[in-house]
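Colleague: Got a structure for you, questions after.
The values are calculated or read from the model by the stated rules, or taken from the named source; none is laboratory data. Bear in mind that the values here come from a model prediction, so they are computed numbers and not experimental data. Cβ placement follows ideal geometry from the backbone for every residue including glycine, while neighbour counts extend to all protein chains displayed.
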Amino acid sequence: MNYAYLKQEGNDFTIMKINPGENILKEIMKQVKKIQIKNLIVDSASIESWNTLTKFSNKNIKLEIDGNLIKNMRKIKTSEEINHLRKAGELTMRGMQVASEVISPGMKEAEIVAEIEYSIRKNDFGRIAFETIVASGKNSAFPHGSFPSKEIKKGDIVVVDVGAKYNHYCSDMSRTFVVGKTSIKQKKIIQTVQRAQKEGIQGLKDGVDAKYVDNVSREIINIEGYGDYFVHSLGHGVGLEVHEQPIISSASQDKLVSGNVVTVEPGIYIPDFGGVRIEDTILIKKDSIEKLTTGINNFEL
């Protein structure tokens with residue numbers, strides 16, 4: 001990023017111009033001394049960077065490293081951030097709608113990805129938050145697999161994972177489709193994941209432990225006998241990055257609070273058969289939740 005761009009984008013901040021060849025950390029410490037900062041916390045630093053900071057510091061400046069400082073600040077979204085996340089959700093749903101319309105026997109996964117991403121990119125300066133996943137047939141058993149040259153066949157399960165970005169803020173959504181008539185086994189797995197997601201979303205509340213939500217959703221999958229095939233955490237925070245805190249997992253130490261934006265994405269992945277994942281991005285409010293992605297629930301195409 002150049003200086004002119006940063007001046008435009010960061011109008012609420014003081015933007016420093018560093019000339020080629022200048023030591024960036026040295027110049028930062030000059031500004032720290034100039035405005036008489038007494039406590040300086042950095043979220044990460046290499047040994048070389050830390051040594052440079054201490055070299056150009058003085059006894060009046062207290063230096064600390066806190067790797068969670070920025071991460072914790074980003075957990076709770078402002079109203080402006082939420083508006084950007086809503087827009088990202090709208091673009092993501094648009095991409096998923098296109099997926100549900102174009103998936104058909106004979107199409108390659110790469111062709112479906114192209115249609116999805118084009119529908120996002122051509123509207124309102126939308127961007128892609130991550131590489132779109134379209135995984136079909138047995139390959140859908142890989143949670144984040146995508147095999148561009150594979151052709152869709154009748155009877156295939158197709159997992160689609162789409163994320164759009166608007167004004168730097170991300171969204172994340174997954175749906176599972178079946179091309180043609182759904183088999184008894186496919187239907188049971190999809191309905192199990194649907195119930196697990198529904199219960200997980202209902203568990204999202206201000207003040208609740210994140211691991212409780214994971215356990216609520218996971219228990220439904222366990223009862224149906226698919227516990228060994230739910231191989232990832234239930235969800236994660238979404239914001240400037242598509243994966244950030246808080247984490248919704250059985251080992252999470254996070255507590256969910258109003259202003260968190262998280263995913264709920266239970267999945268079942270059976271080797272040599274296929275996988276199912278259903279995911280939405282959700283805002284937690286004081287007394288309710290708001291789904292920032294929704295709809296497109298008919299899994300038979």
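Colleague: Of everything in the stretch 44-67, what is part of a loop (DSSP other than H, G, I, E, B), surrounded by 13 or more Cβ atoms within 10 Å (Cβ to Cβ) and not hydrophobic (A, V, I, L, M, F, W, C)? Give them in sequence order.
Modeller: As a first pass, look at the stretch 44-67 and keep what is part of a loop (DSSP other than H, G, I, E, B): 44-46, 56-61, 66-67.
Subset that is surrounded by 13 or more Cβ atoms within 10 Å (Cβ to Cβ): 45, 56-57, 61.
The one that is part of a loop (DSSP other than H, G, I, E, B), surrounded by 13 or more Cβ atoms within 10 Å (Cβ to Cβ) and not hydrophobic (A, V, I, L, M, F, W, C): SER57.
Colleague: Would you check which residues across the stretch 133-156 are more than 14 Å from LYS108 (Cβ to Cβ) and in contact with a helix residue (DSSP H, G or I) (Cβ under 6 Å, 6 or more places away or on another chain) and list them?
Modeller: Passing the criteria: only GLY145.
Colleague: Another question, if that's okay. For the stretch 100-107, does any single residue satisfy the condition of being outside any helix (DSSP H, G or I), within 25 Å of the chain's Cα centre (by Cα) and of a type in the set (Asp, Glu)? Spell out the reasoning first.
Modeller: Let us first name the residues in the stretch 100-107 that are outside any helix (DSSP H, G or I), namely 103-107.
Subsequent filtering for residues that are within 25 Å of the chain's Cα centre (by Cα) retains 103.
Still in the running and of a type in the set (Asp, Glu): none.
No.
Colleague: On to the next question. Considering only residues that are in a helix (DSSP H, G or I) and either touching a His at 6+ places or on another chain (Cβ under 6 Å) or within 21 Å of ASN297 (Cα to Cα) (or both), which ones fall in the stretch 194-217? Step through it out loud before you land on a result.
Modeller: Taking the stretch 194-217 and keeping what is in a helix (DSSP H, G or I), we get 194-202, 210-217.
Selection gives GLN194, ARG195, ALA196, GLN197, LYS198, GLU199, GLY200, ILE201, GLN202, SER217.
Colleague: Report yes if GLY89 is crowded, with 18+ Cβ neighbours inside 10 Å and over 28 Å from PHE230 (Cα atoms), otherwise no. So that I can check it myself, show each step before the final result.
Modeller: Working: crowded, with 18+ Cβ neighbours inside 10 Å: yes; over 28 Å from PHE230 (Cα atoms): no.
The answer is no for GLY89.
Colleague: For the stretch 162-187, which residues satisfy the criterion of being assigned to a strand (DSSP E or B) and among the aliphatic types (A, V, I, L, M)?
Modeller: Going residue by residue through the stretch 162-187, those that are assigned to a strand (DSSP E or B) are 162, 164-166, 169-170, 173-178.
Within the stretch 162-187, VAL162, ALA164, MET173, VAL178 meet the criteria.
Colleague: Of the residues ILE296, ILE223, ILE270, which is surrounded by fewer than 21 Cβ atoms within 10 Å (Cβ to Cβ) and outside the structural domain of ASP161 (by TED's automatic domain parsing)? Walk me through it before giving the result.
Modeller: Numbers: ILE223 fails: outside the structural domain of ASP161 (by TED's automatic domain parsing); ILE270 fails: outside the structural domain of ASP161 (by TED's automatic domain parsing).
One residue alone meets the criteria, ILE296.
Colleague: For the stretch 148-161, which positions are in a loop (DSSP other than H, G, I, E, B) and either touching a strand residue (DSSP E or B) at 6+ places or on another chain (Cβ under 7 Å) or farther than 15 Å from ASP272 by Cα (or both)?
Modeller: Quick first cut of the stretch 148-161, residues in a loop (DSSP other than H, G, I, E, B) only: 148-150, 152-156.
Correct list: PRO148, SER149, LYS150, ILE152, LYS153, LYS154, ASP156.
Colleague: Still on this structure: Yes or no: VAL231 touching a Leu at 6+ places or on another chain (Cβ under 7 Å) and outside any strand (DSSP E or B)? Steps first, answer last, please.
Modeller: Working: touching a Leu at 6+ places or on another chain (Cβ under 7 Å): no; outside any strand (DSSP E or B): yes.
So VAL231 does not fit the description; no.
Colleague: Give just the number: which of (1) touching a Leu at 6+ places or on another chain (Cβ under 6 Å); (2) surrounded by fewer than 21 Cβ atoms within 10 Å (Cβ to Cβ); (3) of a type in the set (S, T, N, Q) does SER217 not satisfy?
Modeller: (2)
Colleague: A further question on this structure: Looking at (1) exposed (fewer than 13 other Cβ atoms within 10 Å of the Cβ); (2) within 34 Å of the chain's Cα centre (by Cα), which is the one condition that is false for LEU25?
Modeller: The one condition LEU25 does not meet is (1).
Colleague: Could you list, in sequence order, the residues of the stretch 247-263 that are hydrophobic (A, V, I, L, M, F, W, C), closer than 16 Å to ARG218 by Cβ and not in a loop (DSSP other than H, G, I, E, B)?
Modeller: ILE247, ILE248, VAL262
Colleague: Another question about this same structure. Please find, within the stretch 264-301, the residue that is nearest to the chain's Cα centre (by Cα) out of those that are closer than 17 Å to SER140 by Cβ, of a type outside the set (D, E, K, R) and assigned to a strand (DSSP E or B).
Modeller: Filtering the stretch 264-301 for residues that are closer than 17 Å to SER140 by Cβ, of a type outside the set (D, E, K, R) and assigned to a strand (DSSP E or B), the one nearest to the chain's Cα centre (by Cα) comes out as GLY267.
Colleague: Going by what's in this entry, would LEU240 be described as in contact (Cβ under 8 Å) with a residue 60 or more places away in the chain, surrounded by 18 or more Cβ atoms within 10 Å (Cβ to Cβ) and assigned to a loop (DSSP other than H, G, I, E, B)?
Modeller: Numbers: in contact (Cβ under 8 Å) with a residue 60 or more places away in the chain: yes; surrounded by 18 or more Cβ atoms within 10 Å (Cβ to Cβ): no; assigned to a loop (DSSP other than H, G, I, E, B): yes.
It is false that LEU240 is in contact (Cβ under 8 Å) with a residue 60 or more places away in the chain, surrounded by 18 or more Cβ atoms within 10 Å (Cβ to Cβ) and assigned to a loop (DSSP other than H, G, I, E, B).
Colleague: Which one of these does ILE24 not meet: (1) of a type in the set (Val, Ile, Thr); (2) over 22 Å from LYS71 (Cα atoms); (3) in contact (Cβ under 8 Å) with a residue 24 or more places away in the chain?
Modeller: (3)
Colleague: Residue check, ALA114 against (1) in contact (Cβ under 8 Å) with a residue 12 or more places away in the chain; (2) surrounded by fewer than 18 Cβ atoms within 10 Å (Cβ to Cβ); (3) not β-branched (Val, Ile, Thr), all met but one. Which one?
Modeller: Result: ALA114 passes all but (1).
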